[in-house]
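Engineer: Before we start, here is the structure in question, set down as structure tokens.
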Amino acid sequence: MSYQIIQPVNQVRLTNVAVVRLNRHGKRFEVACYRNKILNYRQGIETDLSEVLQTDRVFTNVSKGQFAPSKDLVLAFDTSDQEQCCRFILDKGQIQVSDMERSATLENTAREVANMVATKCVHPISNRPYTTSQIRDAMKKSDFSVQPVSARSVKQQFLDCVKAIQVKGVLEIQRAKMELGL
């Protein structure tokens, strides 16, 4: 008698999954989405749900594959229509982001802020620009911490960074003067 590993035929592997989670009426609801499509959907670029969602079902736990019972959907959303519930969760829910993604976006934001400071600020006496690495060191010495772009824009953080560097006295820095030609 030969022994074989039997794999379920109807099991769907969800790869490249981003989970959008919403707690409502004491219940947790989740939908499985494509990572790069969630932001497009929220900005209105993508409107087709089948392009955003990996499955058109609402889950109580995506990683375990537990679907939400329709009575819970009716209690929380006043409808058992999966599409309407998915749209509500996509609009109001929180995107679950991994640690690696979070650190990568923070590093990108820090790089953008440092580049902006390097291009728009100069030494007040010599009027020479600072390098990006000098600005990054000054950011660390002035205890300036970069926030996610969702909290504050890069330009706002640039202004805060220049103020922090000036207040702490880490670098002599000022905004570059604009030259107007007539």
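The values are calculated or read from the model by the stated rules, or taken from the named source; none is laboratory data. Quick caveat: nothing in here was measured; it's all calculated off a predicted structure. Here the Cβ positions follow ideal geometry from the backbone for every residue, glycine too, while neighbour counts run over all protein chains shown. The accessibility values were calculated without ligands, DNA or RNA, using every heavy atom of the protein model including side chains. Shrake-Rupley method; radii C 1.70, N 1.55, O 1.52, S 1.80 Å.
Engineer: Within segment 160-182, can you find the residues that are assigned to a loop (DSSP other than H, G, I, E, B) and not hydrophobic (A, V, I, L, M, F, W, C)?
Structural biologist: GLY169, GLU172, LYS177, GLU179, GLY181
Engineer: Can you name the condition, by its number, that GLN157 falls short on among (1) outside any helix (DSSP H, G or I); (2) buried (at least 16 other Cβ atoms within 10 Å of the Cβ); (3) of a type outside the set (A, V, I, L, M)?
Structural biologist: Among (1) outside any helix (DSSP H, G or I); (2) buried (at least 16 other Cβ atoms within 10 Å of the Cβ); (3) of a type outside the set (A, V, I, L, M), the lone unmet condition for GLN157 is (1).
Engineer: Okay, next question. Tell me which of these HIS25 doesn't satisfy, since it passes every other one: (1) closer than 12 Å to LEU73 by Cβ; (2) surrounded by 12 or more Cβ atoms within 10 Å (Cβ to Cβ).
Structural biologist: Here HIS25 clears every test but (2).
Engineer: Scanning segment 97-122 for residues that are at pLDDT 90 or above and touching a strand residue (DSSP E or B) at 6+ places or on another chain (Cβ under 9 Å), which turns out most open to solvent (accessible area, probe 1.4 Å)?
Structural biologist: Out of the qualifying residues, it is THR119.
Engineer: Considering only segment 65-118, state which residues are under 14 Å from the mean Cα position of the chain (by Cα), under 30 Å from GLN174 (Cβ atoms) and of a type in the set (A, V, I, L, M).
Structural biologist: The answer is LEU106, and nothing else.
Engineer: Out of everything in segment 123-149 that is open to solvent by 70 Å² or more (accessible area, probe 1.4 Å) and out of contact with any helix residue (DSSP H, G or I) (no Cβ under 9 Å at 6 or more places or on another chain), what residue ends up being farthest from ALA104 (Cα to Cα)?
Structural biologist: Looking at the filtered set, the residue picked out is ILE125.
Engineer: Among the residues of segment 56-96 satisfying the criterion of being part of a helix (DSSP H, G or I), among the acidic types (Asp, Glu) and out of contact with any strand residue (DSSP E or B) (no Cβ under 8 Å at 6 or more places or on another chain), which is surrounded by the most Cβ atoms within 10 Å (Cβ to Cβ)?
Structural biologist: So the residue we want is GLU83.
Engineer: Given the criterion of a type in the set (Lys, Arg) and in contact with a Lys or Arg (Cβ under 9 Å, 6 or more places away or on another chain), identify the matching residue among ARG152, ARG128, ARG136.
Structural biologist: Going through ARG152, ARG128, ARG136 in turn, the sole match is ARG136.
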